[in-house]
Structure formats: structure tokens, C-alpha cells
Amino acid sequence: YTILSKVHSDRNVYPSAGVLFVHVLEREYFKGEFPPYPKPGEISNDPITFNTNLMGYPDRPGWLRYIQRTPYSDGVLYGSPTVENVGKPTIIEITAYNRRTFETARHNLIINIMSAEDFPLPYQAEFFIRNMNVEEMLASEVLGDFLGAVKNVWQPERLNAINITSALDRGGRVPLPINDMKEGVYVMVGADVPFSSCLREVENPQNQLRCSQEMEPVITCDKKFRTQFHIDWCKISLVDNTKQVSTFQEVIRGEGVLPDGGEYKPPSDTLKSRDYYSDFLITLAVPSAIALVLFLILAYIMCCRREGVEKRNMQTPDIQLVHHSAIQKSTKELRDMSKNREIAWPLSTLPVFHPVTGEIVPPLHTDSYDNTSMPLMQTQQNLPHQTQIPQQQSAGQY
């Protein structure tokens with residue numbers, strides 16, 4: 001595949017510091033840059049993804065976030081610019097990828113951050129909305145409905161959305177894909193008037209107790225949000241910047257010269273001799289003495305405490321010694337018999353009488369017969385004077 005790249009003209013935006021900035025990357029805007037190759041009668045709907053980064057860097061600025069759920073949805077850049085970047089143009093490179101044709105299109109977004117000192121918003125409240133995802137909340141109509149509900153409760157003269165953060169960026173868990181569960185989103189708004197009594201109800205001891213018990217607090221103005229937004233009132237945060245005490249301490253700079261610590265006195269060249277005899281006794285002599293004592297005790301037990309065979313026989317009953325002696329003699333006799341094959345066979349292995357006549361059968365061999373090559377057990381075919389038993393004949397011969 002040949003990857004083509006097309007560059008759009010630069011686009012300038014002018015957000016204000018401390019106010020929510022939202023920029024939508026529309027797929028329809030980039031689809032015209034990718035030539036369609038559909039079959040006749042088909043409509044081209046190519047999957048398009050975006051990559052955003054600060055010019056000259058691999059990632060975006062810390063205050064700027066990006067989200068795109070699927071390749072068939074628009075991408076969104078959002079965040080709250082900081083005061084430190086006021087007056088400094090921030091160039092964001094936006095690259096669109098066509099996942100079907102592997103083509104790319106690129107253009108630059110120049111963010112010129114303006115100062116918002118003319119509109120100070122010292123009172124800030126952060127709400128946690130449980131039934132919304134961040135891309136749903138960034139929609140202009142949804143965010144407008146939420147700011148309208150907050151304005152009815154707060155009644156300020158000026159009200160702005162300061163920042164929007166997904167619950168996943170705050171350590172939240174990914175919801176299960178059941179019952180259309182949402183991730184949740186934190187929305188921070190600022191106003192120029194103190195908090196209303198409804199918002200202050202969260203700080204009541206009764207509601208704080210209910211929150212500690214994981215119960216819903218009782219808020220009178222909750223019904224104004226409940227129709228569209230499910231707010232977790234236990235996670236609301238109220239910040240009054242007018243009461244913030246400055247902890248900045250003025251740094252007193254000195255002359256840059258270290259105080260005089262006197263003349264340097266190096267250690268003496270002559271060192272005192274040290275006696276290592278006590279160290280030798282502790283590390284070598286004492287363990288060696290203990291090991292020698294243990295060795296002598298073990299040698300006495302193993303060598304000097306042996307009873308001997310005579311003492312053992314004296315303590316053993318006579319009948320047990322007789323049995324042991326008989327077993328030894330029988331074992332020795334059997335071993336001698338197995339070594340000498342020239343003796344006569346035992347009578348238990350020879351036939352005693354004829355199976356038919358009952359006559360006594362003489363021995364199979366004389367005493368001088370060499371029986372070293374004969375098997376211990378003879379089969380019926382090897383036995384002499386054996387009478388053959390007639391086999392049963394078939395019925396057809398009778």
C-alpha cells in the first residue's frame with residue numbers, strides 16, 4: 001500500500017485560561033480528503049482515527065486530553081488551559097488515518113490562550129455525574145443543560161465550566177457492560193457569588209453521617225438535576241478561593257558567601273597502636289574452644305560407651321539365642337546345598353509308586369549319576385513307567 005499524506009491549512013482557536021476548551025474533530029471534515037473507492041451503489045463510511053500531539057513532541061500538553069470511542073465517531077480535544085501558557089501559541093498536530101485505504105491527512109490546530117483576569121470566578125464547585133460518559137458530557141447541548149440546572153440552583157451572575165474529567169482518570173473502575181452503565185464524569189464549574197444554601201446542605205452533619213454510612217444525603221435541590229443528571233452529592237467539592245490563605249513565604253536572599261568556620265584542622269599523622277588480642281579471643285579462641293568441647297563429648301559417646309557383643313549376649317534370653325543359632329545353621333546348610341549339586345534329589349520330588357499298578361518305582365538314577373544338567377522338576381513326559389490315559393473319542397465312532 002502507498003500511504004499518502006495531505007496537509008490542511010492551519011486553524012486558529014482562542015480559548016480562555018481557566019475556562020473549559022472543547023474542540024471536535026469531525027470525521028466529515030476529513031472524509032473529503034480521502035478518495036472513496038466503494039462499489040457502485042454503496043456509500044463510503046471508512047473508519048477514521050486521529051492522532052494528536054504537540055508540534056515537536058510525541059504527546060499533547062498536560063492540560064489537553066483527547067478521546068474517541070470508535071473509528072466511526074468524532075474525536076474530541078478538551079481541557080482547561082493554564083495561566084502559564086497565556087500569550088504562547090500552542091500548535092497541535094492532528095493526523096487523521098483512514099483505516100480502509102491507509103491514507104493520512106494532517107493539519108495544525110493553533111491554540112492561542114487568552115487571559116481571563118477580567119472574569120475572576122473565586123467560587124468553584126465540582127460535581128460527580130454518575131450517568132454520563134465524558135464524550136456525552138462534552139456535547140454542547142448536554143453541557144448547556146447542566147449549566148442551566150446549576151444556574152437555577154446557584155443563581156450567579158457569571159457561570160462557566162472550568163474543567164471536565166472522566167472518572168477513569170481519577171482512579172475509577174471500568175463499568176460492566178450491563179444495564180447501560182456509565183463511567184461517570186467530574187464537572188467543575190465556577191461562579192462569582194457565594195454558594196447557595198442548597199449546595200451548603202452537603203456540609204450538614206446529618207448528611208455527612210449519611211455519606212459515611214454510604215447512604216444518599218437529603219438535598220432539596222436534587223430534583224432539579226434528577227430528571228437528566230444523577231449527581232453523587234457525597235462527592236461534591238466546594239472551594240472558596242476568597243478564603244484561601246496564602247502560604248507563600250518571602251525568600252530572604254543572602255550575600256552568597258558562606259560564614260567563616262575557622263581554620264581547617266586535619267587529623268594527626270601519628271595514630272595510636274591498637275591491641276587486637278581481645279578481638280582474637282572473641283572471634284577465634286572462644287568458638288574453637290566450644291567446638292573442641294563438643295567434639296570430645298561426641299567422641300566419648302561414640303567410642304567409650306560401646307557395650308560390646310558379650311554384654312549383649314549376656315542380656316539376651318537363651319531361647320532367643322537358640323532360635324537365632326538354628327536360623328543361622330539352616331541358612332548355612334541351604335547355601336551349601338545350593339553350591340553342591342552332586343547330592344541325591346529329595347524324595348519329595350520323585351514318584352513313589354506307579355499310578356496304575358501301585359508298584360514301588362525305583363529311583364530314576366543311581367547315586368553316581370550326574371544330575372547337574374537335569375531340571376529340578378520333571379514333566380509327565382520325562383517320567384518312566386507312565387501310563388497313557390485314553391482320550392475320549394467322538395460320538396460318531398460308536
Review point. Which one is modelled with the lowest pLDDT among residues in the stretch 1-51 that are open to solvent by less than 60 Å² (accessible area, probe 1.4 Å) and in a helix (DSSP H, G or I)?
Key: Lys31
Exercise for review: Test each condition in (1) small (Gly, Ala, Ser); (2) modelled with pLDDT under 70; (3) within 54 Å of the chain's Cα centre (by Cα); (4) not in a loop (DSSP other than H, G, I, E, B) for Ser246 and report the one that comes out false.
Suggested key: (4)
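If we keep just the residues of the stretch 201-231 that are part of a loop (DSSP other than H, G, I, E, B) and open to solvent by less than 90 Å² (accessible area, probe 1.4 Å), which is farthest from Met188 (Cα to Cα)?
Looking only at the stretch 201-231, we keep the residues that are part of a loop (DSSP other than H, G, I, E, B), and these are 204, 213-219, 227-230.
Then drop every residue that is not open to solvent by less than 90 Å² (accessible area, probe 1.4 Å), which leaves 204, 215-217, 219, 228-230.
Numbers: Asn204: 21, Met215: 23, Glu216: 21, Pro217: 20, Ile219: 19, Gln228: 18, Phe229: 15, His230: 15 Å.
Only one residue fits best here, namely Met215.
For the stretch 123-145, give me each residue that is under 34 Å from the mean Cα position of the chain (by Cα) and among the aromatic types (Phe, Trp, Tyr).
Pass one, the stretch 123-145, residues under 34 Å from the mean Cα position of the chain (by Cα): 126-138.
Selection gives Phe127, Phe128.
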Exercise for review: Please find, among Gly190, Gly171, the residue that is under 16 Å from Leu143 (Cβ atoms) and not assigned by the TED database to the domain that holds Ser80.
Suggested key: Gly190
Exercise for review: Considering (1) touching a Phe, Trp or Tyr at 6+ places or on another chain (Cβ under 7 Å); (2) of a type in the set (Gly, Ala, Ser); (3) not assigned by the TED database to the domain that holds Val187, say which one Gly87 fails and leave the rest.
Suggested key: (1)
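The values are calculated or read from the model by the stated rules, or taken from the named source; none is laboratory data. Computed from a prediction, not measured in an experiment: that's the story for all the values here. Note that we place each Cβ from the backbone using ideal geometry, even for glycine, and neighbour counts take in every protein chain shown. Surface accessibility is based on the protein's heavy atoms, side chains included, excluding ligands, DNA and RNA. Shrake-Rupley method; radii C 1.70, N 1.55, O 1.52, S 1.80 Å.
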